[in-house]
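Report on one structure; see the data block that follows.
The values are calculated or read from the model by the stated rules, or taken from the named source; none is laboratory data. Remember, it's a predicted structure, so these values are computed and weren't measured experimentally. We place every Cβ from the backbone using ideal geometry, glycine too, and count neighbours over all the protein chains shown.
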Amino acid sequence: MSASIATPTLMEIGSDGTLSGSNRTYVKVLGDMASVYHDDAAFAAALEAAGADTLVYQVEEQRYDSEEGSLIVGTSTLLPGRIGDEYAVTRGHLHAKSDRAELYYCLSGHGVMLLETGDGRSEAVELTPGKAVNVPGHWIHRSVNVGDVPFVTLFTYSADAGQNYGIIGDASGMSVLVVADEDSGWTTVPNPQHSGYTVASA
Ligand code: NI
């Protein structure tokens, strides 16, 4: 017999990222994003102009435990903006248990899920309301807001997955940048600073 069985919960999910039953909230402000963007001068100028406390993104989560087999459900709200030519991003991560998958469903806004593997694959999946990306295990993932309103996603992943945030920093960024493009709105370009991922084999 299991020691305790969690109780199912009704959740109301707003297109603005509100999540009833959320029991964990965290925010990232501009001051937390040092060395995330490739253009250091543009970042310093943004920090000077907007201030270190300027909200970049907010996450609401509901987690009932951290057991293998349980789900974390949450919303991510990434505000619009650019640092130089690079669109606003979340820090991004690989799951600490790297085989753990994740679903992202776009509730509102216009974004890109930037996905990369340690062996050199890269995908940029455009998301608008009603579209989702089913991210398999072993993919490093980051949200990018390429629109001019908040990019809001609903996500769910294994409660025991954890996050490895260092993998991107150790590689001096992801291998591509999502930048503004006059014709198509956004495009990807190689990140000249990217030094390659060091992924421990599972
Ligand atoms: Ni994740």
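Counting only strands (runs of 3 or more DSSP E) that sit completely within the stretch 106-202, those holding 1 or more residues that are in contact with a Leu (Cβ under 7 Å, 6 or more places away or on another chain) and basic (Lys, Arg) correspond to 140-145. On the basis of being in contact (Cβ under 8 Å) with a residue 60 or more places away in the chain and more than 12 Å from the ligand (Cβ to nearest atom), does SER108 make the cut? Yes.
Quick check: anything in the stretch 183-200 within 14 Å of the ligand (Cβ to nearest atom) and either closer than 18 Å to LYS97 by Cα or over 15 Å from the mean Cα position of the chain (by Cα) (or both)? The answer is no; no qualifying residue exists. If the requirement is being under 21 Å from TYR37 (Cα atoms), among the hydrophobic types (A, V, I, L, M, F, W, C) and more than 12 Å from the ligand (Cβ to nearest atom), which of these qualifies: LEU154, LEU114, LEU127? That would be LEU114, the only listed residue that is under 21 Å from TYR37 (Cα atoms), among the hydrophobic types (A, V, I, L, M, F, W, C) and more than 12 Å from the ligand (Cβ to nearest atom). No other residue among ALA44, ALA96, ALA49, ALA88 is in a strand (DSSP E or B) and modelled with pLDDT of 95 or more apart from ALA88. Going by what's in this entry, would TYR37 be described as without any contact (Cβ under 8 Å) to a residue 60 or more places away in the chain, aromatic (Phe, Trp, Tyr) and away from the ligand (no atom under 14 Å from the Cβ)? For TYR37, the condition - without any contact (Cβ under 8 Å) to a residue 60 or more places away in the chain, aromatic (Phe, Trp, Tyr) and away from the ligand (no atom under 14 Å from the Cβ) - is met. Whether any residue in the stretch 135-144 is touching a strand residue (DSSP E or B) at 6+ places or on another chain (Cβ under 6 Å) and of a type in the set (Phe, Trp, Tyr) is what I want to check. Yes, because at least one residue in the stretch 135-144 is touching a strand residue (DSSP E or B) at 6+ places or on another chain (Cβ under 6 Å) and of a type in the set (Phe, Trp, Tyr). Residues in the stretch 123-167 that are surrounded by fewer than 20 Cβ atoms within 10 Å (Cβ to Cβ), closer than 23 Å to GLU182 by Cβ and under 13 Å from the mean Cα position of the chain (by Cα): ALA124, VAL125.
Sub-7 Å Cβ pairs linking a first residue in the stretch 8-25 that is touching a residue at least 60 places away in the same chain (Cβ under 8 Å) to a second residue that is in a loop (DSSP other than H, G, I, E, B), at least 6 apart or interchain, are MET11/SER20; MET11/GLY21, ordered by first then second residue.
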